[in-house]
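Visitor: Let me begin by handing over the structure; questions about it come next.
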Amino acid sequence: MQDNSQPRTELEKLGEFGLINYITKNIVHKQKSTLKGVGDDAAVLDFYSDKKCVVTTDMLVEGVHFDLAYMPLKHLGYKAVMVNISDLAAMNAQARQITVSLAISNRFSLEAIDELYQGIYLACEKCQVDLVGGDTTSAVSGLVISVTAIGEGTEQELVYRNQAKENDLIVVSGDLGAAYIGLQLLEREKQVFLSSNKQVQPDLAGYDYILERQLKPEARTDIKELLRELEIKPHAMIDISDGLSSELLHICTASDTGCHLYEEKIPIDPTTYNTAREFNLDPTVCALSGGEDYELLFTIDLNDYDKIKGNPNFTVIGHITDKSQGCQLITSSGSMYPLSAQGWNALLQKEEK
């Protein structure tokens, strides 16, 4: 995890407040709505009367959500912020502030936490959000990161999951399945490394795209502006954290509708497709169930098709139906199968040994 030849400062030498002072000393606020950030009992935010406050929280637990055998701490800090900003993007909201809380075991030095926060601050800079608070505490083992993201949007701007309508087009940004295949690659190389008694170095050449999608995902904060320029307001929207099938079923359940999803329309990058085949995996299954792509899935009015067709940022992958038709996957051969949720289950735990 960390180069033992580098100097190591034990966190107990700083104490909780010393650590907080260290990791927050260079904070510069960028948002006008941040009146008071770190340094008091609570942050003070000033939201305008015509805006709604949007809040989301996500927790990442070592051994459940990430493996430090191949996840650099800087990338982990970046990802922890981005997965929360992605939830705000799925609401069509503008991210403004975050808080970060850590539970840290004595395995981690000050230098390790500094590396983690380099990633956090890089993500804040990228998304133009302010870090305004959080908490730190000790842990018996491992590392836990909890990020809360705060955003804003007018009632007219905000998009929910439960407003999809029959005949809506189902649209997705970017491409799918890459993050899952990147994870499979990292797991394979980890096993090779361990089975060789750490003599064989990982071979990751040529896989940059899928590795970045897993280790350094980007929240699609650009989609709000792209849709505004196209004069399109989604009826329903969600981010793809748990797999395309799970997220589409969330929209249909919340909206009391069915759907037809077309396999041949699902966007899959060539590197993702080819690497999936290397692992003897079906690329479509990876896109449907893999998760962690953090693309946006949304529905739009059928009349908006001409506005979005041919746009390289978006792919129309199906349409919303009446609930009586169910949620169906139409395969490339024309067969129809019920769409099932086989993505990430946050409460499915490995057995303790």
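The values are calculated or read from the model by the stated rules, or taken from the named source; none is laboratory data. All values reported here derive from a predicted model rather than from experimental measurement. Here the Cβ is made from the backbone with ideal geometry for all residues, glycine too, and neighbour counts use every protein chain on show.
For (1) assigned to a strand (DSSP E or B); (2) crowded, with 21+ Cβ neighbours inside 10 Å; (3) in the same structural domain as GLU263 (by TED's automatic domain parsing), each residue gets a yes or a no:
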{"residue": "LEU116", "(1), (2), (3)": "no, yes, no"}
{"residue": "LYS126", "(1), (2), (3)": "no, no, no"}
{"residue": "ALA179", "(1), (2), (3)": "no, yes, yes"}
{"residue": "GLN184", "(1), (2), (3)": "no, no, yes"}
{"residue": "GLU187", "(1), (2), (3)": "no, no, yes"}
{"residue": "LYS198", "(1), (2), (3)": "no, no, yes"}
{"residue": "ALA205", "(1), (2), (3)": "no, no, yes"}
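Visitor: Out of TYR294, TYR305, which single residue is of a type in the set (Phe, Trp, Tyr), within 22 Å of ASN167 (Cα to Cα) and either surrounded by 12 or more Cβ atoms within 10 Å (Cβ to Cβ) or touching a residue at least 24 places away in the same chain (Cβ under 8 Å) (or both)?
Guide: Result: TYR305 is the single residue among TYR294, TYR305 that is of a type in the set (Phe, Trp, Tyr), within 22 Å of ASN167 (Cα to Cα) and either surrounded by 12 or more Cβ atoms within 10 Å (Cβ to Cβ) or touching a residue at least 24 places away in the same chain (Cβ under 8 Å) (or both).
Visitor: Then there's this: Check SER196, SER255, SER241 and return the single one that is polar (S, T, N, Q) and touching a helix residue (DSSP H, G or I) at 6+ places or on another chain (Cβ under 8 Å).
Guide: Answer to the check: SER241.
Visitor: Moving to a separate point now. Would you confirm whether or not the range 308-316 contains a residue that is outside any loop (DSSP other than H, G, I, E, B), surrounded by 12 or more Cβ atoms within 10 Å (Cβ to Cβ), over 23 Å from the mean Cα position of the chain (by Cα) and modelled with pLDDT of 95 or more?
Guide: Checked the range 308-316: at least one residue is outside any loop (DSSP other than H, G, I, E, B), surrounded by 12 or more Cβ atoms within 10 Å (Cβ to Cβ), over 23 Å from the mean Cα position of the chain (by Cα) and modelled with pLDDT of 95 or more.
Visitor: Considering each of GLU229, GLU212, GLU218 in turn, give the residue that is within 19 Å of the chain's Cα centre (by Cα), assigned by TED's automatic domain parsing to the domain that holds GLY326 and surrounded by fewer than 18 Cβ atoms within 10 Å (Cβ to Cβ).
Guide: Answer to the selection: GLU212.
Visitor: Determine if the range 76-93 includes at least one residue that is in contact with a helix residue (DSSP H, G or I) (Cβ under 7 Å, 6 or more places away or on another chain) and of a type in the set (Asp, Glu).
Guide: Checked the range 76-93: no residue is in contact with a helix residue (DSSP H, G or I) (Cβ under 7 Å, 6 or more places away or on another chain) and of a type in the set (Asp, Glu).
Visitor: Could you tell me which of the residues SER241, SER246 is of a type in the set (Ser, Thr, Tyr), assigned by TED's automatic domain parsing to the domain that holds GLY174, surrounded by 15 or more Cβ atoms within 10 Å (Cβ to Cβ) and under 16 Å from ALA178 (Cα atoms)?
Guide: Answer to the selection: SER241.
Visitor: Report yes if some residue within the range 33-44 is at pLDDT 95 or above, among the small types (Gly, Ala, Ser) and either in contact with an Asp or Glu (Cβ under 7 Å, 6 or more places away or on another chain) or under 30 Å from GLN156 (Cα atoms) (or both); otherwise report no.
Guide: No, every residue in the range 33-44 fails to be at pLDDT 95 or above, among the small types (Gly, Ala, Ser) and either in contact with an Asp or Glu (Cβ under 7 Å, 6 or more places away or on another chain) or under 30 Å from GLN156 (Cα atoms) (or both).
Visitor: Could you please find all residues in the range 282-293 being more than 20 Å from GLY326 (Cα to Cα) and in contact with a Phe, Trp or Tyr (Cβ under 9 Å, 6 or more places away or on another chain)?
Guide: Across the range 282-293, the qualifying residues are PRO283, CYS286, ALA287, GLY290, GLY291, GLU292, ASP293.
Visitor: Of everything in the range 258-281 that's touching a helix residue (DSSP H, G or I) at 6+ places or on another chain (Cβ under 7 Å) and assigned to a strand (DSSP E or B), which residue is surrounded by the most Cβ atoms within 10 Å (Cβ to Cβ)?
Guide: Taking the candidates together, the pick is CYS259.
Visitor: What's the number of the condition SER246 fails, among (1) closer than 24 Å to THR221 by Cα; (2) at pLDDT 95 or above; (3) hydroxyl-bearing (Ser, Thr, Tyr)?
Guide: Here SER246 meets the rest and fails (2).
Visitor: Within the range 79-104, count every residue that is of a type in the set (Gly, Ala, Ser), outside any helix (DSSP H, G or I) and either at pLDDT below 95 or buried (at least 24 other Cβ atoms within 10 Å of the Cβ) (or both).
Guide: Of the residues in the range 79-104, 2 are of a type in the set (Gly, Ala, Ser), outside any helix (DSSP H, G or I) and either at pLDDT below 95 or buried (at least 24 other Cβ atoms within 10 Å of the Cβ) (or both).
Visitor: Restricting attention to the range 45-53, does a residue exist that is closer than 30 Å to LEU244 by Cα and at pLDDT 75 or above?
Guide: Yes, the conditions are met somewhere in the range 45-53.
Visitor: Return the residues of the range 249-277 that are polar (S, T, N, Q) and at pLDDT 95 or above; say none if nothing qualifies.
Guide: If the condition is that a residue be polar (S, T, N, Q) and at pLDDT 95 or above, then SER255, THR257, THR271, THR272, ASN274, THR275 are the ones that fit.
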